[in-house]
Amino acid sequence: MQEPISVTALNQYIKGMFERERLLSRVLVRSEISNYKVYPSGHHYFSLKDAESSIRCVMFRREAMSLRFRPENGMKVVVSGRVSVFPRDGAYQLYCATMVPDGVGELAFAFEQLKNRLHKEGLFDPAHKKPIPAHPRTIALVTSPAGAAVRDMIRILGARYPMAKVLVVPVRVQGEEAPEEIGNGLDLVNALDMADLIITGRGGGSMEDLWAFNDERVARAIFRSRIPVISAVGHEPDVTISDFVADLRASTPSNAAELAVPDQADLRDRLAHFQARMDRSVDRRLQVRRDALRRLGSSPFLQSPQRAIQEKRLLLDYQQQRLLHAMDRQIGEHRQQMGRLAASLDALSPFKVLSRGYSITQKDDGTVVSELSQVEKGDTLRVRVSDGTITCTAEGKEKTKWRKRS
Amino acid sequence: MAEKKLTFEQAMGRLEEIVAQLEAGDHALENSLSLYEEGAKLMKQCTTMLDKAEQKVMKLRTDANGELTEAPFAPKE
């Protein structure tokens, strides 16, 4: 009889058997996933099963980190690894080194999977797209400082719009560390508010080369960015998850530089156009006033003030003539009237009768004597006749006895 | 107003306003002329900015003390 041994020793013995078996140290299994669980430790636990059988599997954190897609229950996968025993449970399990989706390429699968997930989450929603500033002042290039992409971007930005400062935020754009570095770069530019526009991307390469821009961490960093982000990955036909999340997708890094800034040739054209419009509108306004001025200037008075004065002078002369004429006529009329009046007066004059032999007798004081009573004997009297005056003395007076006519 | 140093974008924006105001023509002539003068100044400013602009290219780096600094950057051919 053998000595009894411990369970631990037994399990260790079995484990040793498994591990000496070369076929089990490297197996490739095609199956379907079930009971998939990720533990807080980062290790992934699941089963692979088909219609009749199943096997427990574990994928340690280190291997799981390089998974490009998220394994899900029911998913058909091809797993590589080794089979060994977990002594604590006395159970054998498959220790997975790699896992790829069955049938489709892993990258294509992972791409579609992440795209669908982020799409459902709303990361591609046009409502979240921020407008690209028309005249950015500082443009951060979150990209590799080496290579053609950064050089092309700097050259094109400089040629089109040299007023914008370019800040290169160097990151690896390829390899395992790339997604985290790109994400940190984006976060840093935001945290320190270093730019008002970000371009992130890289030059062309294989799908594997561009993979960082299909990483969820980069996608989320782009989505988080307060500063607008232009994605510029690879060549024209390459589309990455970053392109969907970015505020603007450029087909290449050069294209991103063109989309980021206005072209100074266009700006100069626009300035020239402004100048022309300003000139035209001011010219038009001046022309209106020039025309008004010309109309005023063409008035006869301003054309020849001398002639106008001459005309007024002629008018004055004419009026003067009329005035004089009118006055002459009036004076003539008055003169005639006076002649007529004088003639009448003449006819009525008491002196007129003197020529017919009548006379007028006046006393010394000029009183005309018409009655006897006015005169006393000895009074000096003046007798006016037609051509002079006779001075006489009253010798006597006798009353005239008028005979009655029968 | 034009005395203050405007950014290129602000200057272009103001120019656009001035052109629109001049074209609307609802200003007194003196006003239009002073607008024109302002516009001409801005025009010159913008052109000068374009003519004199020299692209500044910097690279972010961490210095010996672990501080982030900017250093001039020239991409290698």
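Rule-based calculations on the coordinates, nothing more; no lab input. A quick note: this is a predicted structure, and the numbers were derived from the prediction, not measured. Here the Cβ is made from the backbone with ideal geometry for all residues, glycine too, and neighbour counts use every protein chain on show.
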Alpha carbon centroid spacing (whole Å) that separates region B:1-53 from region A:99-160
39 Å
Counted charge near A:N214, where neighbours are those whose Cβ lies closer than 9 Å (Asp, Glu -1; Lys, Arg +1):
0
Note to self, the protein assembly as shown gives a 222 nm [θ] from helices alone (DSSP H runs n ≥ 4, -39500 (n - 2.57) apiece, / all residues, nearest 500) of -14500 deg cm²/dmol
Inter-part gap, Cα centre of region A:164-229 to Cα centre of region A:322-368, in whole angstrom, is 134 Å
Cross-link table A:K115/B:K59; A:K130/B:K56; B:K44/B:K76; A:K129/B:K56, entries beyond 30 Å C-alpha to C-alpha:
A:K115/B:K59; B:K44/B:K76
With Cα coordinates, the longest principal axis of chain A makes an angle with the long axis of helix A:7-20, in degrees rounded to 10, of 80 degrees
Scalar couplings 3J(HN,Hα) for region B:37-51 by Karplus 6.51 cos²θ - 1.76 cosθ + 1.60 (θ = phi - 60°), nearest whole Hz, x for Gly and Pro, are 4, 4, x, 4, 5, 4, 4, 5, 4, 5, 4, 4, 4, 5, 5
For region B:8-72, give the magnitude of the charge dipole about the Cα centre (Cβ charges: +1 Lys/Arg, -1 Asp/Glu; no others), in debye to the nearest 20.
380 debye
Within straight cross-link reach of A:K76, meaning Cα distance under 15 Å, which aspartates and glutamates are found once same-chain residues fewer than 8 apart are removed?
A:E32, A:D50, A:D102, A:E106
Bins of 5 Å, beginning at zero and ending with the bin holding the largest distance: percent of Cα pairs per bin for region B:8-72, please.
4, 15, 17, 13, 9, 8, 7, 7, 6, 6, 4, 2, 1
List the lysines whose alpha-carbon lies under 21 Å from that of A:K352, not counting same-chain residues fewer than 8 positions away?
A:K363
Considering only the other residues whose Cβ falls under 15 Å of the Cβ of A:V100, what net charge follows from Lys and Arg at +1 and Asp and Glu at -1?
-3
If every alpha-carbon in chain A counts as one equal scatterer, what log10 I(q)/I(0) does Debye give at q = 0.10, 0.11 1/Å?
-0.90, -0.98
Amide H neighbours of A:V369 under 5 Å, counting only residues 5+ apart in sequence or on other chains, H built in-plane at 1.01 Å?
A:T361, A:Q362, A:K363
Any chance you could give the angle, 0 to 90 degrees and rounded to 10, that helix A:178-191 forms with the longest Cα principal axis of chain A?
30 degrees
Can you give me the relative contact order of chain A as a percent, contacts being Cα pairs under 8 Å and 6 or more apart?
9 percent
